[in-house]
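Below you'll find the structure, written out as structure tokens, and then a few comments.
The values are calculated or read from the model by the stated rules, or taken from the named source; none is laboratory data. In this text, all values refer to a predicted model and were calculated from it rather than measured experimentally. Please note: Cβ atoms are built from the backbone with ideal geometry, for glycine as well, and neighbour counts cover all protein chains shown. Heavy atoms of the whole protein, side chains included, go into the accessibility calculation; ligands, DNA and RNA do not. Shrake-Rupley method; radii C 1.70, N 1.55, O 1.52, S 1.80 Å.
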Amino acid sequence: MQKIIIQVFLASFIYLANTPVFGVVHSQDNKSALVDKLNLIFSKQKANQPGVSVLVKKNNKIIYQLNKGLANKDRNYPISSHTGFRIGSISKPFTALAIIKLVEQKKLSLDDFVTKYILELPSAWKDIKIKHLLSHRVYISDDFFSVSNLDSANLSTNQDVINFISSNKITVEPLAFDKAIYCNSCYVLLAEVIAKVSEVSFSEYLTENIFVPANMKSSYIAEKGVPLKPADALNYANTESFFGINQYTTGAMAQVSSIEDLNNFIVALKEGRVITKKSLILMTKVHSDAGDDGTFGLGWVIGWGDEPFYSHGRSQDGYQAELFFHPKHDLEVVILTNGGDETYELQSKMMRTIITHYN
């Protein structure tokens, strides 16, 4: 499952990573030309099919925002700026932000060992630190989220993941900087660390410390017992399941957010209302290198240069999403979709068009 979930996201951001660093944007930046190009791409989206929600910001101003398609076919609910989407692995930066918030509150250290907080983990995990989990620097010989374990993931919770990776048959070890392996199980463990340290549930901690300060009114964690809200985007606009299963693991995925919420999040993050700007700089430095699979910060995919982009994306069955920041050029992009390959093709074209426009 891990490879399925991250395959499209990696393809998208490897493309960005191999794109030359943005050139100087001239003062005569032709905003209308970009809008026309994006409108042309968006014209391919059908109003009666699963759709797309997109936001582009430059210099703290929205230069493009559009929603088209259906969130729910049976109820004929159109996608709007308030429509919640499952954002899959874009949940990881939020989990990482919660960890950094606890560091700021002096409730834990990035050098703490995970076994300090998750006592049921066996001795194989004794050398794994919080910073290893955040930067994907953990080798697990049999990951719960692999394709071969798809059947066991149905109805699974974080405890199921912990039980699985606690097997004596599984080898675990910390990895060197240049040996990182993208790790969903690592972020499940981080969600459990957050709950343990904060003494409230993972979802409660995110709500109180990220969603409320960032004015993310439509955001929540779709954990066990928390179904999607009636107006939220269904997968391919007709089901709450993905890959034919229902999964309730949190930390690596499970967050639901709207374009409006993510716009508010961008503002709050840049203003230092979620974590301090010093902490954000720490998160968006390169902490590991997975070769062809990407370069990682703490919860983010990182570009390069004197002020690189930081971002995250994901593919989770019919849902795809991207969240992209390029501080050097004061550019942010958010794209949320629920239509599988067709809407991902539109998403990819939009992203390439935006990159090319400012290159």
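Label points 7 Å out from Cα along the Cβ direction at Ser166 and Val147: separation in nm? Result for the modelled spin labels: 3.0 nm.
Using the Cα coordinates of the stretch 76-127, the gyration tensor eigenvalues translate into equivalent-ellipsoid semi-axes of 35, 16, 8 Å, sorted from longest to shortest. Check cross-link reach from Lys179 to the aspartates and glutamates: straight Cα distance under 14 Å, and skip same-chain residues fewer than eight apart. Within reach: Asp289, Asp292, Asp293. Take the stretch 120-198 with all the other protein chains still there, run a 1.4 Å probe, and you get 41 Å² of accessible area per residue. Computed over the alpha-carbon pairs of the stretch 200-258, the distance histogram in 10 Å steps reads 21, 54, 23, 2 percent, short to long.
Give me, ordered by chain and number, the residues 5 or more places off Thr295 or on other chains with an amide H under 5 Å from its own placed amide H. Long-range HN contacts for Thr295: Ala290, Ile302. Where the alpha-carbon atoms of the chain are placed on the principal axes, they occupy 59, 48, 35 Å, in descending order. Overall dimensions of the stretch 35-106, expressed as equivalent-ellipsoid semi-axes from the Cα gyration tensor (√(5λ), whole Å, largest first), are 31, 19, 9.
Taking the mean number of other Cβ atoms within 10 Å as a proxy for protection, how do you rank 151-162, 287-298 from highest to lowest?
The densest-packed peptide leads the list: 287-298, 151-162.
In the stretch 259-351, the portion of solvent-accessible area held by carbon and sulfur atoms comes to 48 percent [1.4 Å probe, whole percent, DNA, RNA and ligands not counted].
Pairs exceeding 18 Å between alpha-carbon atoms, taken from Lys196/Lys229; Lys31/Lys57; Lys196/Lys277; Lys328/Lys349; Lys31/Lys58: Lys196/Lys229; Lys196/Lys277; Lys328/Lys349. Note on Lys270: aspartates and glutamates with a C-alpha under 20 Å away, same-chain residues under 8 apart excluded, are Glu104, Glu208, Glu260, Asp261, Asp306, Glu307, Glu322, Asp330, Glu332.
Across Gly51, Gly313, Gly272, mean-square fluctuation computed from a Gaussian network of the chain (C-alpha pairs under 10 Å connected) peaks at Gly272.
The equivalent ellipsoid that matches the C-alpha gyration tensor of the stretch 185-340 spans semi-axes of 25, 19, 17 angstrom, in descending order. Protein-only accessible surface at a 1.4 angstrom probe places the residues Asp330, Asp178 in the order Asp178, Asp330, largest first. Near Thr83, the amide H atoms lying under 5 Å from its own belong to Ile259; only residues 5 or more places off or on other chains count, and H is placed 1.01 Å from N.
With Rh defined as the Kirkwood radius, the inverse of the mean 1/r over Cα pairs, the Rg/Rh of the stretch 93-158 is 1.01. Write down the accessible area per residue of the stretch 271-346 in Å², having rolled a 1.4 Å probe over the full set of protein chains. Computed with neighbouring chains in place, this is 35 Å² per residue.
About the Cα centre of the chain, what is the dipole size in debye to 20, counting +1 per Lys and Arg Cβ and -1 per Asp and Glu Cβ, all else neutral?
That gives the chain a dipole magnitude of about 780 debye.
Its residues counted as N, the stretch 274-320 yields a C-alpha radius of gyration over 2.2 N^0.38 Å of 1.28. Overall, the accessible surface of the stretch 96-244 at a probe of 1.4 angstrom is composed of carbon and sulfur to the extent of 51 percent. The figure for Phe85 is an accessible area of roughly 0 square angstrom, using a 1.4 Å probe on the protein chains alone.
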